[in-house]
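The block underneath contains the structure these notes are about, expressed in structure tokens.
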Amino acid sequence: MPGLFSVKTPPNATPLRVLIAATENGAGRTRRPPSPSPSVSRTKPTKKTPHKSGIDESSLENPDLGPFLLKLARDTIASGDNPNKALDYAIRASKSFERCSGPGLELAMSLHVLAAIYSSLGRFEEAVPVLERSIDVTDDALAKFSGCMQLGDTYSMMGRLDRSIRCYESGLRIQIEALGDSDPRVAETCRYLAEAHVQAMQLDEAENLCKRTLEIHKEHSAPASLEEAADRRLMALVCEAKGDYESALEHLVLSSMSMIANGQENEVAAIDVGIGNIYLSLGRFDEAIFAYQKALTVFKSTKGESHPSVALVFIRLADLYHKTGKLRESKSYCENALRIYAKPVPGTTSEEIASGLTEVSAIYESLDEIEEALRLLEKAVKLLEDTPGNRSTIAGIEAQMGVMLYMVGRYGDARISFENAVAKLRASGESKSAFFGIVLNQMGLASVQLYRIDEAIELFEEARKILEQECGPCHLETLGVYSNLAATYDAIGRVEDAIEILEYILKMREEKLGTANPDVDDEKKRLAELLKEAGRTRNRKGKSLEKLLDARSAKKESAKRWSTFGFRT
């Protein structure tokens, strides 16, 4: 029985980014490190006019034709010839296998190849049903595993990270049933799935998978192995995202020691950048500078002074010097990075440049050079193709632009920028994330400034529901949305609703921050103004949030007025 295989891509072609595991190593997959900005160029969809090979449909009944056509499809891809010709071969191969042998491993194999070609052409929507069918037509466990993982990759390239994760989880379950839960190939799949959870900011799930991966590699690999080093780097990323900097530092140091033992100089330098980031977060600036400079020396000597890795270290140093008040040095390092991005070396992707420009923009924003920061973000958006896989990244940049435009009083432009970000996040299946709720809140603030109060209320109410679900009703982000919602209720004359929400907010802030906190004082003043206007005193008896908010959605007031207190950004 033929094994599963990977579709080979010619050196100068756009990567398919779809690897199909071989039967011998059921999880031989690679995945780029999780990042807010994708590092793989996306292919533009081509016209749906596959080349006709001239093979008679009746000849598909020949049992030798399916393997022959499948080989032609693979050879055509490898040679870099017309991909539409390869697509036609793969379609005919699948039809031949279906007619001659019916459901089984050979048909599943041909469908995997067909889906990979669709993906290489940017036709992801057509690849999805092909892969779903490939999972159904075979009982072979590793073929099903391969189909699930390839389907997960396809959803990832479409920007549907939620569906992607579900497919990876299905693949992991199938693989564990076939190989056991301590097989090294299971560890690779666990790490692959953990990376997807990191991208989705599902950190607890990612941490559990990283621990499982480490346990398996400790059992099967030699001490200080490259596999363990990779596991620890990912675990460090998770710990850093969760604010556990000491644990992140420990994992990075151990990973660095493993890489040194294996002679991986460039990998050691990349880890040194991560160590510098942790020292910076801990306020250990001298140690951070040492780690950055160490990495910078290696990158310059091994990759050249104009490599994006060098620019990345310049950005880290710029951020460090900004935080230590050395603004001239900070700006100088920003300019050094921008010079590299202005004349990128061959092989630099547009995603790498856009990511760097976004980070430099954040530093310029901190330096109060808002216009320059906006210019860099606009350039970053232009560099990124508006493909499904890039939508989340572009949405993040547009949301950042919206915040800056709001800060300089360009409320109309800010609202348009937020609206674009919201549309992309909805299309990417991220309409239930905490980040989406925060963007809705910011868009609501821009709508308030444009006197679009009804729209603002709808946005704040949607943001409130999402943040309640993702962060909890007592989280400071959620309380900020409650405050804005109360302000908009006051603006349209729903004073009683605003008072009840503010009483709840004040009670929560007093419990979390203490009665002497400035935010608590602000809320007290706001509440006092409304109570004075309504001729009431503060109700010290707390009410449940469900009673305060859910019952309010049905109330409508026609009279509109500006709120007597401000909004929280």
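The values are calculated or read from the model by the stated rules, or taken from the named source; none is laboratory data. Since this is a predicted model, take the numbers as computed values, not measurements. In this analysis, Cβ positions are derived from the backbone assuming ideal geometry, glycine residues included, and neighbour counts consider all displayed protein chains. What goes into the accessible areas is simple: the full protein's heavy atoms, side chains included, and nothing from ligands, DNA or RNA. Shrake-Rupley method; radii C 1.70, N 1.55, O 1.52, S 1.80 Å.
Some values worked out for this structure:
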| item | result |
| --- | --- |
| Candidate set from the stretch 153-180 (those that are in contact with a Lys or Arg (Cβ under 8 Å, 6 or more places away or on another chain) and closer than 16 Å to residue 116 by Cα); member that is surrounded by the fewest Cβ atoms within 10 Å (Cβ to Cβ) | 157 |
| Selection from the stretch 91-125 of residues that are within 17 Å of residue 152 (Cα to Cα), of a type in the set (Gly, Ala, Ser) and assigned to a helix (DSSP H, G or I) | 108, 115, 116, 119, 120 |
| Subset of the stretch 246-266 [open to solvent by less than 70 Å² (accessible area, probe 1.4 Å) and assigned to a helix (DSSP H, G or I)] | 247, 248, 249, 251, 252, 253, 254, 255, 256, 258, 259, 266 |
| Boolean, residue 272 is modelled with pLDDT of 95 or more, open to solvent by 40 Å² or more (accessible area, probe 1.4 Å) and under 26 Å from the mean Cα position of the chain (by Cα) | no |
| Those residues of the stretch 462-476 which are open to solvent by less than 50 Å² (accessible area, probe 1.4 Å), under 11 Å from residue 432 (Cβ atoms) and out of contact with any Ser or Thr (no Cβ under 7 Å at 6 or more places or on another chain), in sequence order | 466 |
| Some residue of the stretch 411-421 being open to solvent by 30 Å² or more (accessible area, probe 1.4 Å) and among the hydrophobic types (A, V, I, L, M, F, W, C) | yes |
| Subset of the stretch 384-432 (residues that are closer than 21 Å to residue 119 by Cα and of a type in the set (Ser, Thr, Tyr)) | 387, 392, 393, 428 |
| Selection within the stretch 297-322 - among the β-branched types (Val, Ile, Thr) and within 27 Å of the chain's Cα centre (by Cα) | 310, 313, 315 |
| Condition check for residue 278: farther than 15 Å from residue 312 by Cα, open to solvent by less than 60 Å² (accessible area, probe 1.4 Å) and part of a helix (DSSP H, G or I) | yes |
| 1 or more residues of a type in the set (Val, Ile, Thr) and out of contact with any Ser or Thr (no Cβ under 8 Å at 6 or more places or on another chain): qualifying helices (runs of 4 or more DSSP H) within the stretch 126-199 | 161-179, 184-199 |
| Selected residue [out of contact with any Phe, Trp or Tyr (no Cβ under 7 Å at 6 or more places or on another chain), more than 30 Å from residue 450 (Cβ to Cβ), open to solvent by 50 Å² or more (accessible area, probe 1.4 Å) and in contact (Cβ under 8 Å) with a residue 12 or more places away in the chain] from 385, 335, 378, 351 | 385 |
| Which numbered condition residue 300 fails, given (1) part of a helix (DSSP H, G or I); (2) in contact (Cβ under 8 Å) with a residue 24 or more places away in the chain; (3) surrounded by fewer than 22 Cβ atoms within 10 Å (Cβ to Cβ) | (2) |
| Residue in the stretch 494-510 that is within 25 Å of residue 365 (Cβ to Cβ) and not assigned by the TED database to the domain that holds residue 156 present | no |
| Checklist (1) farther than 26 Å from residue 489 by Cβ; (2) assigned to a loop (DSSP other than H, G, I, E, B) applied to residue 451, failing item | (1) |
| Scope the stretch 181-216; condition open to solvent by 30 Å² or more (accessible area, probe 1.4 Å) and more than 24 Å from the chain's Cα centre (by Cα); matching residues | 181, 182, 184, 185, 215 |
| Residue match in the stretch 195-209 (condition: closer than 21 Å to residue 176 by Cα, among the charged types (D, E, K, R) and touching a residue at least 60 places away in the same chain (Cβ under 8 Å)) | yes |
| Single residue of the stretch 354-369 satisfying the filter (open to solvent by 20 Å² or more (accessible area, probe 1.4 Å) and at negative phi) that is nearest to the chain's Cα centre (by Cα) | 355 |
